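Below is one structure, written out as structure tokens, with a few remarks after it.
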Amino acid sequence: MKQLIECVPNFSEGNNMDIIKQITNEIEGVEGVSLLDVDPGQATNRTVVTMVGTPEEVCEAAFRAVKKASELIDMRHHKGAHPRFGATDVCPLVPVSNITMEETVEYAHKLAKRIGEELNIPIYCYENAALKEERRNLAVCRAGEYEGLKDKLAKPEWKPDFGPAEFNAKSGVTAVGARDFLVAYNVNLNTTSTRRANAIAFDVREKGRVKREGGSLTGKPVLDENGKKVWEPGTLKCVKAIGWFIDEYGIAQISMNLTNISVTPVHIAFDEVFKKALDRGIRVSGSELVGLIPLQAMLDAGKYFLRKQNRSVGIPEKEIIKIAVKSMGLDDLYEFKPEEKIIEYKLAAEEKKKKLVNMTLTEFTDETASESPAPGGGSVSAYMGAMGVALGTMVANLSSHKRGWDDRWEEFSNWAEKGMEYQSQLIRLVDEDTEAFNKIMDAFGLPKKTDEEKACRKQAIQDATKNAIMVPFKVMEVAHKALEVIKAMAETGNPNSVSDAGVGALAIRSCVKGAFLNVKINSGDLEDKTFVQTVRKKADVIDKETETLEKEILAIVESKL
């Protein structure tokens, strides 16, 4: 599988859309790179750009964008609410898949060297790419901002990591880094006071605030034995935060960088700011995401708020995301569009190939009925299984909301969550079965003129056939396991929905039987008979166990009707 990295350059221009477009055109001109998000801010006069692709190509796109920014942006005339010291202020690389942080750091150093040498822009390396420990923190590198650069660059201790140790008046300095996934997240307040917003930011940010005598905000700073100021840490780890006023919206915000969302997720940051604001007589009115966020972070947030309401978390993904959006007020300032703000959704939208699971039910049945041989019985079997377990999940969710069963909501929520996982696996297998058939067709279409080509073609056909056996076998495995949800709901779920559990069991049984037929028919052309014998033996066991379990479930259902 190919390596993927993300790059999130921040450019010091947020108002002139012509300039922003010229910069992003450079990115879009590189094959293998997807431009996922362009987020300009008028008050900050800054645009956050997000791109994803293979490492070499992303670095090429980043270099071209930095070059174009150096031509179009003049820092001598720049003003904005956000700290900055360069036309391209920061350019971090982020590992996404199949690549280590160490490898990402190597790419960051190569990019930094190229920008410094070819564009004559001083470069500081930060976060995991830092070449000096004291430069790991971006805030330290950027201290003094653009206005302090001339004096800063004259000091030996601030010699750039790459590029000239000279003040570039037009382009300033660029910080190139390698870091974990960072979420830029702002919380909206019902105040216009920057001072009060800053007070809340200092309450929560990891760095905290300077400790003062008497605990007052106006007291003298407390000094340690070395004469340095003593700091009182805030309540949230891996969080940087400041307060500012946004003219665009007429409100103050807490602007946060969540540098490790596995330590402090967005929903915890939101709740903590909510509490600290309330302590100061201020109300949180909502929040906004700058750039993109991982899908899992949104799902974690939605489930967090559902659990606080004693509600089932075993509901469809889009509903969980809706709860996250509403709970954190992510649509307070403007519409929150998951397909544009969630990185996995944005990437999926970039793919041209249409998936079966994205079709309507009518489209799917029409496609099945057409002259095309796929989707066939395997995909339909997986779809039946998904529908079967969906019924079990429905019973679990209805049970979690049943009047008088309030103390059992978590029990049924756990069953619903299991059901959703089985359903998701089976839905993925709908497309995998059709893709398996297409791979066989592709293998048969390989050239066969020479002996070498014939051998390669034969091996490709055998490999594709093995895959076409294993996909429906996987359908059988998952569907059989899903019966545990159906049986539990038949036994303990809402008695008014017991017939739905029965229909679910029938659908699962048909799914397993149908998938087994596909295992059998695809086995006929495989030369590895030992493999065939092993898989069919396991499949036969699953088939028989499913039939027995289906009968048990139907007996339970009939006894309650």
Of all residues in the range 258-316, how many are touching a residue at least 40 places away in the same chain (Cβ under 8 Å), surrounded by fewer than 22 Cβ atoms within 10 Å (Cβ to Cβ) and in contact with a Cys (Cβ under 7 Å, 6 or more places away or on another chain)?
2
When only residues in the range 414-423 that are of a type outside the set (A, V, I, L, M) and farther than 15 Å from C511 by Cα count, which is nearest to the chain's Cα centre (by Cα)?
E421
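Rundown of residues vs (1) within 38 Å of the chain's Cα centre (by Cα); (2) over 30 Å from A43 (Cα atoms); (3) of a type outside the set (S, T, Y), yes/no style:
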| residue | (1), (2), (3) |
| --- | --- |
| T192 | yes, no, no |
| A199 | yes, no, yes |
| K207 | yes, no, yes |
| E213 | no, yes, yes |
| T218 | no, no, no |
| V222 | no, yes, yes |
Picking from A169, A139, A184, which residue would you name as being part of a strand (DSSP E or B) and within 17 Å of S12 (Cα to Cα)?
A184
Could you check the range 46-81 and list, in sequence order, the residues that are surrounded by fewer than 22 Cβ atoms within 10 Å (Cβ to Cβ), closer than 20 Å to C7 by Cα and free of Cβ contacts under 8 Å to residues at least 60 places away in the same chain?
T54, E56, E57, E60, F63, R64, K67, K68
Taking the range 365-393 and the residues there that are in contact with a helix residue (DSSP H, G or I) (Cβ under 6 Å, 6 or more places away or on another chain) and of a type outside the set (G, A, S), the one that is surrounded by the fewest Cβ atoms within 10 Å (Cβ to Cβ) would be M387
Quick test of your reading of the structure: I246 fulfils all but one of (1) without any contact (Cβ under 8 Å) to a residue 40 or more places away in the chain; (2) buried (at least 20 other Cβ atoms within 10 Å of the Cβ). Name the failing condition by number.
(1)
Would you check which residues across the range 481-500 are crowded, with 23+ Cβ neighbours inside 10 Å and in a helix (DSSP H, G or I) and list them?
A482, L483, V485, I486, M489, A490
With criteria (1) in contact (Cβ under 8 Å) with a residue 12 or more places away in the chain; (2) over 26 Å from S499 (Cα atoms); (3) assigned to a helix (DSSP H, G or I), Y422 comes up short on (2)
For the range 142-152, enumerate the residues that are farther than 10 Å from V173 by Cα and either in a helix (DSSP H, G or I) or without any contact (Cβ under 8 Å) to a residue 12 or more places away in the chain (or both).
A143, E147, G148, K150, D151, K152
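For every residue, the table says whether it meets (1) in contact (Cβ under 8 Å) with a residue 24 or more places away in the chain; (2) farther than 17 Å from E547 by Cα; (3) crowded, with 16+ Cβ neighbours inside 10 Å.
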{"site": "G502", "(1), (2), (3)": "yes, no, yes"}
{"site": "R509", "(1), (2), (3)": "yes, no, yes"}
{"site": "S523", "(1), (2), (3)": "yes, yes, yes"}
{"site": "D528", "(1), (2), (3)": "yes, yes, no"}
{"site": "V532", "(1), (2), (3)": "yes, yes, yes"}
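Just so you know, all these numbers are worked out from the coordinates, no wet-lab data involved. Computed from a prediction, not measured in an experiment: that's the story for all the values here. Using ideal geometry, Cβ is built from the backbone for each residue, glycine included, and neighbour counts are taken over all protein chains shown.
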